[in-house]
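A.B. asks: Take a look at this one; I'll ask things after.
Bear in mind that the values in this text are calculations on the coordinates, not laboratory data. The model shown is predicted, which means the values in this text are computed figures rather than measured ones. Heads up, the Cβs are rebuilt from the backbone with ideal geometry, glycines too, and the neighbour counts pull from every protein chain shown.
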Amino acid sequence: MANEVVLLMGPPGAGKGTQAARLSRSRNLKQLSTGDILRSNVAEGTDLGRKARGFMDAGELVPDDLIIGMVRSELSDLQDVRVLFDGYPRNPAQASQLDELLNDLGAGLTAAIALEVDEDEVVRRLLQRSDEQGRSDDNEQTIRHRLNVYAEQTQPLLEYYETAGKLKRVDGGLSVDAVEEQISRVLS
Ligand code: AP5
């Protein structure tokens, strides 16, 4: 199968994880959600989890050296490079590490999908999830901080991928099905 590498980007609560699960199934891509991998490590009490926990609870980014090591090890045994990244890269250093990694694997980026949702809606979604799931970073103060971290450190990457001709903007404020349909359309 041909290589395919897709990034799902957007603020906390934009629907990256929800769409990543659907898209990885429909396009036969390996889903690599750095937040999910970190949360599993925290739950299992691994060395990585112990190092990452404080940053996650505070809504800060986990240090880049921990993230790139984790991503490299997830990609080490791939036959075809068919990957969907959810929540990675998150700053310019991670974006250039990803470029190098893909270069080493002989693959290129297919598309960076930016899910656009307004701030009130993402806060509403995350507070609702807090009631349902109790994620440790889903309280209003930490949600607002995560949004600031996104605006300062991650949002500038949209321009990087736009300049590279890879950015596709999708209205993430629609229903889950409608967002999925739009993503499929921009990828086809
Ligand atoms: P991460 O797990 O990536 O969290 P996040 O970016 O804050 O995103 P969320 O999971 O909150 O939202 P989402 O966009 O995935 O939306 P979801 O589909 O879940 O990161 C957590 C932490 O880990 C970071 O703060 C950082 O500390 C660390 N980290 C992770 N990656 C890192 C990296 N690369 N570098 C450094 N640190 C890193 O949906 C949210 C809710 O909305 C759900 O309840 C869902 O059901 C609902 N929903 C989804 N879509 C819709 C829709 N269309 N309409 C209505 N509701 C919807």
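A.B. asks: Taking the condition without any contact (Cβ under 8 Å) to a residue 24 or more places away in the chain and either in contact with a Phe, Trp or Tyr (Cβ under 7 Å, 6 or more places away or on another chain) or part of a loop (DSSP other than H, G, I, E, B) (or both), does residue 138 pass? So that I can check it myself, show each step before the final result.
C.D. replies: Numbers: without any contact (Cβ under 8 Å) to a residue 24 or more places away in the chain: yes; either in contact with a Phe, Trp or Tyr (Cβ under 7 Å, 6 or more places away or on another chain) or part of a loop (DSSP other than H, G, I, E, B) (or both): yes.
The answer is yes for residue 138.
A.B. asks: Quick check on this structure: which one of 7, 32 is among the aliphatic types (A, V, I, L, M), closer than 25 Å to residue 108 by Cβ and touching a helix residue (DSSP H, G or I) at 6+ places or on another chain (Cβ under 6 Å)?
C.D. replies: Numbers: 7 fails: touching a helix residue (DSSP H, G or I) at 6+ places or on another chain (Cβ under 6 Å).
Sole residue among the options that is among the aliphatic types (A, V, I, L, M), closer than 25 Å to residue 108 by Cβ and touching a helix residue (DSSP H, G or I) at 6+ places or on another chain (Cβ under 6 Å): 32.
A.B. asks: What number of residues in segment 141-171 are within 15 Å of the ligand (Cβ to nearest atom), of a type in the set (D, E, K, R) and without any contact (Cβ under 8 Å) to a residue 40 or more places away in the chain?
C.D. replies: Adding up the residues that qualify gives 2.
A.B. asks: Do we have any residue at all in segment 43-52 that's within 9 Å of the ligand (Cβ to nearest atom) and at positive phi?
C.D. replies: Among the residues of segment 43-52, not one is within 9 Å of the ligand (Cβ to nearest atom) and at positive phi, which makes the answer no.
A.B. asks: Let me ask you something else. What are the residues in segment 102-154 that are loosely packed, with under 14 Cβ neighbours inside 10 Å, under 17 Å from the mean Cα position of the chain (by Cα) and of a type in the set (S, T, N, Q), if any?
C.D. replies: If the condition is that a residue be loosely packed, with under 14 Cβ neighbours inside 10 Å, under 17 Å from the mean Cα position of the chain (by Cα) and of a type in the set (S, T, N, Q), then 148 is the only one that fits.
A.B. asks: Kindly establish whether residue 129 is in contact with an Asp or Glu (Cβ under 6 Å, 6 or more places away or on another chain) and assigned to a helix (DSSP H, G or I).
C.D. replies: Spelling it out, residue 129 is indeed in contact with an Asp or Glu (Cβ under 6 Å, 6 or more places away or on another chain) and assigned to a helix (DSSP H, G or I).
A.B. asks: What's the number of the condition residue 83 fails, among (1) under 10 Å from the mean Cα position of the chain (by Cα); (2) farther than 24 Å from residue 145 by Cβ?
C.D. replies: The failed condition is (1).
A.B. asks: Regarding residue 122, is this residue among the β-branched types (Val, Ile, Thr) and within 13 Å of the ligand (Cβ to nearest atom)?
C.D. replies: yes
A.B. asks: Of all residues being near the ligand (Cβ under 9 Å from one of its atoms) and charged (D, E, K, R) in segment 1-42, which is surrounded by the fewest Cβ atoms within 10 Å (Cβ to Cβ)? Just the residue, please.
C.D. replies: The qualifying residue surrounded by the fewest Cβ atoms within 10 Å (Cβ to Cβ) is 36.
A.B. asks: Quickly run through segment 66-97 and pick out the residues that are under 16 Å from residue 153 (Cα atoms), part of a helix (DSSP H, G or I) and within 11 Å of the ligand (Cβ to nearest atom).
C.D. replies: Listed by number, the residues that qualify are 67, 93, 94, 95, 97.
This table checks each residue for (1) within 11 Å of the chain's Cα centre (by Cα); (2) among the aliphatic types (A, V, I, L, M).
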| site | (1), (2) |
| --- | --- |
| 10 | yes, no |
| 22 | no, no |
| 25 | no, no |
| 35 | yes, no |
| 56 | no, yes |
| 59 | no, no |
| 67 | no, yes |
| 70 | no, yes |
